[in-house]
Amino acid sequence: MSKYQSEEQPPLTAVVPCCPPLTGGELSAHEAERMAATFEVLANPVRLRLLTKVASHPAGEACVCDIQDVGVTGATVSYHLKKLREAGLLVSERRGTWVFYRLAPSFGAAGPAACAPRTVSGST
């Protein structure tokens, strides 16, 4: 459990997705480059675990003290969280000595949906 209670975040009014949905049509060269960079960051298992720990946290954000148990050192956790922030997937806020992370609004809008497995209906 976190040392500090998270304050309620103001509602987001306009969110621009980080990536277009894969089913939305052919990607432009710029969109493909941006999505490839996002997928490259997510291709690391530690980063993916950290991202899902933040995304699935009941408060919608997580203190680093709640998500650091991913089998690597604290310094390595910090490095991977930095990479996720630089890629625009997470945002952070320092509160006292703790840092809290939440999904970046742009990634939360479309990112996970773009990566989600799709169900195929009909017979094969």
Just to be sure before I move on: is R102 modelled with pLDDT of 90 or more and either in a helix (DSSP H, G or I) or out of contact with any helix residue (DSSP H, G or I) (no Cβ under 9 Å at 6 or more places or on another chain) (or both) in the structure I sent? no
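So that you can scan it fast, the table gives a plain yes or no per residue for (1) among the basic types (K, R); (2) surrounded by fewer than 18 Cβ atoms within 10 Å (Cβ to Cβ); (3) not in a loop (DSSP other than H, G, I, E, B):
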position: T38; (1), (2), (3): no, no, yes
position: V46; (1), (2), (3): no, yes, yes
position: L51; (1), (2), (3): no, no, yes
position: D66; (1), (2), (3): no, no, yes
position: V70; (1), (2), (3): no, yes, no
position: T76; (1), (2), (3): no, yes, yes
position: H80; (1), (2), (3): no, no, yes
Testing E33 on (1) among the charged types (D, E, K, R); (2) under 18 Å from F107 (Cα atoms); (3) in contact (Cβ under 8 Å) with a residue 40 or more places away in the chain, one condition comes back false. Which one is that? (3)
Look through E93, E86 and report the one residue that is closer than 17 Å to A37 by Cβ and open to solvent by 40 Å² or more (accessible area, probe 1.4 Å). E86
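The values are calculated or read from the model by the stated rules, or taken from the named source; none is laboratory data. Predicted model, so just to flag it, every value in this text is computed and none were measured. A quick note on method: Cβ atoms are made from the backbone with ideal geometry, for glycine too, and the neighbour counts reach across all protein chains shown. These area figures cover heavy atoms from the full protein model, side chains too; ligands, DNA and RNA do not enter into them. Shrake-Rupley method; radii C 1.70, N 1.55, O 1.52, S 1.80 Å.
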